[in-house]
Amino acid sequence: MERKTATEFDQELLYLYDYYVHGQIDRRTFLERAAKFAVGGLTAAALLESLSPHYVFAAQVPKDDARVKSDYVKYPSPDGSGEMRGLFAKPAGAKTKLPGIIVVHENRGLNPYIEDVARRLPLAGFVAFAPDALYPVGGYPGNDDEGRTMQAKLDGKKIIEDFVAATKFLHDHPDCNGKIGVVGFCFGGGMANTLAWRLPDIVKAAAPYYGGQPSAENAAKIKGALLLHYAGLDTRVNAGWPAYEEALKKAGVEYEAFIYPDVNHGFHNDTTPRYDKAAAELSWERTLAFFKKKLA
């Protein structure tokens, strides 16, 4: 299968896709509006398929990589869904406790891309835990469209409590030294911001990717450091950044923000055409350096 890039699609079509995957328009509306871009024998449905994730590409650290030991682990979430599950990953043969990173998925459950991200972190000297918000309803279903529908039906307050519980679980895990960071993407970026203010004494470092921003009141509760990644073409999420930055400055929160020019929301996700290799690699290098510095 050939990997397509964002440059092969009209930017208006990429925005339409963004509206669709974030529930602002339904599938029918997307197909109707995308029809004008369906030329040269293509159909609107074929365009949607081209823009959708293809997880054959999500294998930077395969499941059988001998350098990483990963398992699905259950944990309690008494204020959320009761019992939850996530993917726990650590360096194979690790002899000492390591800093822990919570990895938060997008708005569609724990898909192969996010699992792969979790397996990348042990190679940098961390233990990682990637919870699945969809576990109470059977877990990630194997395709993103169904996953989005399932996640949209869940109680948002319970989802937050499930990730709060996951963070506490990792903090107390015998393989973790208690120093906690969070990285999240899209929905997960918003959750990374949320965990930073919900658990200010636990979360020492958070790296949200194109994530929604908290209120000024909640931003003022953050004690850890932030490394914020935004996509230059992501007008939807970026609209909330100026107010967030003002709140962080006013509260004296340590932060650094990068806006990567000419890339789309989702640029880190290497399974879709919105992936931008240069921005993804640079942002990830910055994220790992940030965690190593703040969780040392």
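The values are calculated or read from the model by the stated rules, or taken from the named source; none is laboratory data. Quantities reported herein were computed from a predicted structural model and do not represent experimental measurements. Counting neighbours? That spans all protein chains shown, and the Cβs are built from the backbone with ideal geometry, glycine included. Accessible surface is based on the protein model in full, side chains and every heavy atom, while ligands, DNA and RNA are left aside. Shrake-Rupley method; radii C 1.70, N 1.55, O 1.52, S 1.80 Å.
Which length gain, in nm to one decimal place, applies between residue 292 and residue 259 when the Cα-Cα distance is subtracted from 0.36 nm times their residue separation?
Numbers: separation 33, 0.36 × 33 = 11.88 nm, distance 2.16 nm.
Stretched fully, the residue 292-residue 259 segment lengthens by 9.7 nm.
Mind pulling up the Rg/Rh value for the stretch 164-219? Radius of gyration and Kirkwood radius, both on Cα.
On the way: Rg = 11.1 Å, Rh = 11.3 Å.
In the stretch 164-219, Rg relative to Rh is 0.99.
A straight chain from residue 8 to residue 96 at 0.36 nm per residue would run longer than the Cα-Cα distance by 27.0 nm. Converting the Cα gyration tensor eigenvalues of the stretch 1-112 into ellipsoid dimensions via √(5λ) gives semi-axes, longest first, of 38, 20, 11 Å.
Per residue, the accessible area of the chain comes to 44 Å² when a 1.4 Å probe rolls over the protein heavy atoms.
Restricting the calculation to Cα atoms, every distinct pair contributes to the Kirkwood radius of the stretch 209-289, found to be 13.2 Å.
State the percentage of accessible surface on the stretch 74-174 attributable to carbon and sulfur atoms; use a 1.4 Å probe and exclude ligands, DNA and RNA.
On the way: 1930 of 3770 Å².
About 51 percent, which is the carbon plus sulfur part of the accessible surface.
Could you pull out every one of the lysines with an alpha carbon less than 16 Å from that of residue 292, ignoring same-chain neighbours closer than 8 positions? Qualifying lysines at Cα under 16 Å: 90, 97, 179, 204. Under a Cβ-Cβ cut-off of 14 Å, what is the net charge of the residues other than residue 74 that fall near it, where Lys and Arg count +1 and Asp and Glu count -1? Summing Lys/Arg as +1 and Asp/Glu as -1 gives -3. Taking all protein chains as shown and a probe of 1.4 angstrom, residue 56 keeps an accessible surface of around 100 Å². Approximating the spin labels as points 7 Å out from Cα along Cα→Cβ, the residue 245-to-residue 217 distance works out to 2.5 nm.
Rounded to the nearest Å, what's the spacing between the alpha carbon centres of the stretch 244-275 and the stretch 8-86? Just the number, please. Result: 19 Å between the Cα centres.
One decimal place: the segment residue 32-residue 172 gains 45.4 nm when fully extended, by the rule 0.36 nm per residue minus the C-alpha distance.
Of the GluC sites (Glu not before Pro) found in the stretch 187-296, those in coil by DSSP whose Cβ has at most 14 other Cβ atoms within 10 Å are 254.
Computed from the C-beta positions of residue 49 and residue 277 and an R0 of 22 Å, the FRET efficiency is 0.50 to the nearest 0.05. Using only alpha-carbon positions in the stretch 94-212, the gyration tensor eigenvalues give semi-axes of 23, 15, 12 Å once each is multiplied by 5 and square-rooted (largest first).
Nearest 10 degrees, 0 to 90: what angle lies between the long axis of helix 11-21 and the longest principal axis of the chain (Cα atoms)? So the helix axis and the longest Cα principal axis differ by about 60 degrees.
Determine one quarter of the surface area of the Cα convex hull of the stretch 147-293, which equals its mean projected area, and express it in nm² to one decimal. If you can, show how the numbers build up before the last one.
Values: hull surface 36.6 nm².
That works out to 9.2 nm², a quarter of the Cα hull's surface.
Loop-resident GluC sites (Glu not before Pro) (DSSP state other than H, G, I, E or B) in the stretch 1-70 with no more than 12 further Cβ atoms inside 10 Å of their Cβ: 2. In this label model, residue 123 and residue 137 are separated by 3.3 nm, measuring between points 7 Å along each Cα→Cβ vector.
Quick one: longest stretch of the chain between exposed loop trypsin sites (Lys or Arg not before Pro), exposed meaning at most 13 other C-beta atoms within 10 Å and loop per DSSP?
Details: sites that count: 3, 63, 67, 95, 153.
The longest such stretch corresponds to 154-296.
Where only DSSP H runs of four or more residues are counted, the chain gives -11000 deg cm²/dmol as its mean residue ellipticity at 222 nm, each run worth -39500 (n - 2.57). Stick to the Cα atoms of the chain, pair each with every other, and give me the Kirkwood hydrodynamic radius in Å at one decimal. Its Kirkwood hydrodynamic radius stands at 19.3 Å.
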